[in-house]
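Take a look at the structure below.
The values are calculated or read from the model by the stated rules, or taken from the named source; none is laboratory data. Note that the structure is predicted; figures quoted are calculated from it, not measured. Positions of Cβ are backbone-derived with ideal geometry, glycine not excepted, and every protein chain shown enters the neighbour counts. With ligands, DNA and RNA removed, areas are computed over all heavy atoms of the protein, side chains included. Shrake-Rupley method; radii C 1.70, N 1.55, O 1.52, S 1.80 Å.
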Amino acid sequence: MTLLEVTGLNVSYGTTQVVHDLDLAVESGKILTVLGPNGAGKSSTLRAVCGLIRRTPGEVRLEGRSIGRLRASQVASAGLVMVPEGRRVFGSLSVEENLLLGAYRLGRRRKQQTLDTCYDMFPILQQRRAQRAGYLSGGEQQMLAFGRALMADPLVILMDEPSMGLAPVVVNQVMAHARVIADLGIGVLMVEQNARAAMKVADEVVVLRLGRPVFRGSVEQARGDAALVRAFLGDTAVAEPSGAEPSGVAPSGAEPRPASPRHAVPDVVS
Ligand SMILES: Nc1ncnc2c1ncn2[C@@H]1O[C@H](COP(=O)(O)OP(=O)(O)O)[C@@H](O)[C@H]1O
Ligand SMILES: [Mg+2]
């Protein structure tokens, strides 16, 4: 079932147009990843979809209902929730206070239930629930940012470069968490520079170049498209954060390879 449908999205800053005629569809239980290098228009796309910046003309539908004219806060209440670039947790608040900030839509009982679900998914957050969020590691802060989005009981979560600044082994954990979130039936729209990591868990791929979609298809199709891999995924696909192994070599023991076909060919883009 298509939860989020974006058609003809255009975004400009002043007279500079940075996103051109972009269509996106996010299904329940699926991860759509929008890949592209720095400056491709990924964050602008997400900010426009959730109403943080203006988009024209474009249409944004959530469960068939037009949300294109809603303000960002109304968009969140409608069930479209953003996990921003850089995570933006409130460092001086406790982990649990950060989570509860996400739950303003919910009544008291649902709030407790959702908190329990969150802690089941991220036991480390429960262990650290009274601690200041600022003391968490980058990977734990990303879990907290995911948790805070889940607390809003969303239909669709937008994730802006969740891998940013994290070590490769942590990146893989973050991607696995994105998969678990989708498996709850939530639609995930994840933008990433780290094509290699994102393609391990995504279902569908859009590649953005200078604000224009230059590829659209399944992960398998993206991997099978040699020209695409060479031209648009090659450099970003191997651009892991610092400390990464040489391209094409699996990290020694760091990364258990699940048996599912979705995870079976991680090195094809290197
Ligand atoms: N607030 C802004 N004002 C003007 N230009 C911006 C602003 N934010 C981003 N841009 C420009 O828009 C383009 C796309 O940026 P962005 O969406 O952040 O790309 P990405 O997230 O893919 O790195 C870039 O050329 C960037 O410099
Ligand atoms: Mg960005």
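State which residue is farthest from ligand 2 (Cβ to nearest atom) when the search covers only the range 30-45 and only residues that are touching a helix residue (DSSP H, G or I) at 6+ places or on another chain (Cβ under 7 Å) and β-branched (Val, Ile, Thr).
Among those that are touching a helix residue (DSSP H, G or I) at 6+ places or on another chain (Cβ under 7 Å) and β-branched (Val, Ile, Thr), it is Ile31.
Please state which of the following conditions Ala133 fails to meet, knowing it meets all the rest: (1) out of contact with any strand residue (DSSP E or B) (no Cβ under 8 Å at 6 or more places or on another chain); (2) within 20 Å of Val81 (Cβ to Cβ); (3) among the aliphatic types (A, V, I, L, M).
So the condition that Ala133 fails would be (1).
Which one of Ala130, Ala145, Ala149, Ala167 is modelled with pLDDT of 90 or more, among the aliphatic types (A, V, I, L, M) and more than 27 Å from Asn38 (Cα to Cα)?
On the way: Ala145 fails: more than 27 Å from Asn38 (Cα to Cα); Ala149 fails: more than 27 Å from Asn38 (Cα to Cα); Ala167 fails: more than 27 Å from Asn38 (Cα to Cα).
After applying the criteria, what remains is Ala130.
State whether the residues of the range 171-183 include one that is modelled with pLDDT under 95, within 16 Å of ligand 1 (Cβ to nearest atom) and farther than 22 Å from Tyr104 by Cα.
no
Are any residues in the range 31-73 outside any strand (DSSP E or B), surrounded by fewer than 19 Cβ atoms within 10 Å (Cβ to Cβ), modelled with pLDDT of 90 or more and among the charged types (D, E, K, R), and if so, which ones?
If the condition is that a residue be outside any strand (DSSP E or B), surrounded by fewer than 19 Cβ atoms within 10 Å (Cβ to Cβ), modelled with pLDDT of 90 or more and among the charged types (D, E, K, R), then Glu63 is the only one that fits.
Conditions (1) among the aliphatic types (A, V, I, L, M); (2) in a loop (DSSP other than H, G, I, E, B), marked per residue:
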| site | (1), (2) |
| --- | --- |
| Ser77 | no, no |
| Glu85 | no, yes |
| Val89 | yes, yes |
| Glu97 | no, no |
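Would it be correct to say that Val81 is β-branched (Val, Ile, Thr) and touching a residue at least 40 places away in the same chain (Cβ under 8 Å)?
Here the answer is yes, as Val81 does meet what is asked.
Under 6 Å between Cβ atoms, which residue pairs at least 6 apart in sequence (or on different chains) link something in the range 212-239 that is at pLDDT below 65 with a partner that is open to solvent by 50 Å² or more (accessible area, probe 1.4 Å) and hydroxyl-bearing (Ser, Thr, Tyr)?
That search, which allows pairs on different chains as well, returns Val238/Ser247; Val238/Ser270.
Looking only at the range 167-199, count how many residues are crowded, with 23+ Cβ neighbours inside 10 Å and outside any helix (DSSP H, G or I).
Number of matching residues: 9.
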